[in-house]
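A short worksheet on the structure shown next.
The values are calculated or read from the model by the stated rules, or taken from the named source; none is laboratory data. Everything numeric here is computed off the predicted structure, so don't read it as measured data. Backbone-built Cβ (ideal geometry, glycine too); neighbour counts: all protein chains shown. For the accessible areas, the whole protein counts, side chains as well, though only heavy atoms, and no ligand, DNA or RNA atoms are used. Shrake-Rupley method; radii C 1.70, N 1.55, O 1.52, S 1.80 Å.
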Amino acid sequence: MNIDLHCHSTTSDGLLDPRAVVARAAANGVEILALTDHDDTGGLAAARAEALARGMGFVGGVEISVSWQDATLHVVGLRIDPDSTRLRTGLEWVRSSRIQRAERIGEALEKAGVHGSLEGALAYVCNPEIISRTHFARFLVESGHARDVKSVFQRYLAKGKPGYVEHRWASLGDAVSWIRASGGVAVIAHPGRYDLDSAQMKGLIAEFKACGGAGIEVVTGSHTPTQYREFAGYARQFELLASRGSDFHGDAGSRADLGVLPPLPQDLKPVWHDW
Ligand code: AMP
Ligand code: MN
Ligand code: MN
Ligand code: MN
């Protein structure tokens, strides 16, 4: 089965609207798709309807922004109920601070000599409640401050760079509990992207499991093949369910396309084993 459990639409920082994401997944041979926009479930109804019309399996998802110790992490919720009051209230709270954060990013970039970036980023925003660094990145590329999105992050937007501002997102425990309260399963997104040594990674996984988290992304567009093996090892050691997801944002070429990554290692228990 070709299952892709992580991607984005215009509801957050993707380039395609939810129906177009599903259409592209279908064209790529995806049989079950989860849409997992950042901190927002507003695209799920349209995506689900499109998937139903195409006879494709669909899973409602979300990718929650989390602050854990000094790091920002992402926790994916799968098979969530977007109508759950606890999940909805939690996500509303996470979204509510994005615009103030964006204002601080705009001020920080101004000091670094980049003018008008907040307005520039807003021009790329489709959902007024979700302004993300990706929208700033698109503006910075368009205005000639960097060659591509990857180099924008390296020069301006990654932690320690002039346009990076500290921000407090949801706690790990809150994110996992909102997902579980809505009937979903919580999965650590792209663990290889975090700047954690193996002791810190084990600490994160132990705390995640203690909060009720159950899965980890092993095969993702954010991992190298070496990292597939590394995080397959963590999945085995900590008895976590394994997930596979492209993290597609619509800008094919710079990231993995929907449904094209290799399958999970055979011996792992996939997060969809009992669906
Ligand atoms: P935010 O939630 O506003 O902090 O934005 C995070 C988003 O920025 C991620 O979901 C990615 O889509 C994007 N992003 C972060 N780091 C990079 C990177 N190095 N290259 C490209 N996109 C990135
Ligand atoms: Mn993103
Ligand atoms: Mn992410
Ligand atoms: Mn993502």
Would it be correct to say that Ile131 is in contact (Cβ under 8 Å) with a residue 60 or more places away in the chain and within 10 Å of ligand 1 (Cβ to nearest atom)? no
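Please determine whether any residue of region 47-57 is within 16 Å of ligand 4 (Cβ to nearest atom) and under 26 Å from His273 (Cα atoms).
To start, the set of residues in region 47-57 that are within 16 Å of ligand 4 (Cβ to nearest atom) comprises 47.
So of that shortlist, the ones also under 26 Å from His273 (Cα atoms) come out as 47.
Yes, region 47-57 contains a residue that is within 16 Å of ligand 4 (Cβ to nearest atom) and under 26 Å from His273 (Cα atoms).
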In region 132-159, residue nearest to ligand 4 (Cβ to nearest atom) [restricted to those that are closer than 23 Å to Ser96 by Cβ and in contact with a helix residue (DSSP H, G or I) (Cβ under 6 Å, 6 or more places away or on another chain)]: Arg133
Selection count where residues are outside any loop (DSSP other than H, G, I, E, B), open to solvent by less than 60 Å² (accessible area, probe 1.4 Å) and modelled with pLDDT of 95 or more, scope region 120-150: 10
Any chance region 233-246 includes a residue that's within 16 Å of ligand 1 (Cβ to nearest atom), surrounded by fewer than 16 Cβ atoms within 10 Å (Cβ to Cβ) and not in a helix (DSSP H, G or I)? no
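Which count do you get for residues in region 1-26 that are farther than 15 Å from Ala256 by Cβ and either away from ligand 3 (no atom under 16 Å from the Cβ) or open to solvent by 10 Å² or more (accessible area, probe 1.4 Å) (or both)? Spell out how you get there, then give the answer.
As a first pass, look at region 1-26 and keep what is farther than 15 Å from Ala256 by Cβ: 1, 9-13, 17-20, 22-23, 26.
Within this subset, residues satisfying the condition of being either away from ligand 3 (no atom under 16 Å from the Cβ) or open to solvent by 10 Å² or more (accessible area, probe 1.4 Å) (or both) are 1, 10-11, 17-20, 22-23, 26.
Residues flagged as farther than 15 Å from Ala256 by Cβ and either away from ligand 3 (no atom under 16 Å from the Cβ) or open to solvent by 10 Å² or more (accessible area, probe 1.4 Å) (or both) within region 1-26 amount to 10.
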So Leu33 clears everything in (1) open to solvent by 10 Å² or more (accessible area, probe 1.4 Å); (2) within 16 Å of ligand 4 (Cβ to nearest atom); (3) touching a helix residue (DSSP H, G or I) at 6+ places or on another chain (Cβ under 7 Å); (4) not in a loop (DSSP other than H, G, I, E, B) except one condition, right? Which one? (1)
Inside region 68-94, the number of residues satisfying the requirement of being more than 16 Å from ligand 4 (Cβ to nearest atom), open to solvent by 10 Å² or more (accessible area, probe 1.4 Å) and in contact with a strand residue (DSSP E or B) (Cβ under 8 Å, 6 or more places away or on another chain) is 4
Between a first residue in region 185-203 that is over 12 Å from Tyr234 (Cα atoms) and a second residue that is within 14 Å of ligand 3 (Cβ to nearest atom) and among the small types (Gly, Ala, Ser), which pairs have beta carbons less than 6 Å apart while being 6 or more apart in sequence or on different chains? Ala186/Gly77; Val187/Ser243; His190/Ser222; Arg193/Ser222; Tyr194/Ala71
Among the residues of region 42-79, write down those that are over 19 Å from Ser246 (Cβ atoms) and assigned to a loop (DSSP other than H, G, I, E, B). Gly42, Gly55, Gln69, Asp70
Selection count, region 88-131, where residues are over 23 Å from Lys161 (Cα atoms) and among the aromatic types (Phe, Trp, Tyr): 1
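Considering only residues of region 104-119 that are part of a loop (DSSP other than H, G, I, E, B) and either open to solvent by 10 Å² or more (accessible area, probe 1.4 Å) or not β-branched (Val, Ile, Thr) (or both), which is nearest to ligand 3 (Cβ to nearest atom)? Don't jump to the end; show me each part of the working.
We begin by selecting, within region 104-119, every residue part of a loop (DSSP other than H, G, I, E, B); these are 112-116.
Add one more test, that the residue is either open to solvent by 10 Å² or more (accessible area, probe 1.4 Å) or not β-branched (Val, Ile, Thr) (or both), and what stays is 112-113, 115-116.
Details: Ala112: 24, Gly113: 28, His115: 29, Gly116: 27 Å.
Step by step, filter region 104-119, then rank; the result is Ala112.
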From (1) of a type outside the set (D, E, K, R); (2) in a helix (DSSP H, G or I); (3) within 16 Å of ligand 3 (Cβ to nearest atom), pick out the condition that doesn't hold for Thr89. (3)
Suppose we filter region 115-129 for residues that are touching a Phe, Trp or Tyr at 6+ places or on another chain (Cβ under 9 Å) and farther than 15 Å from Ile105 by Cα; how many remain? 2
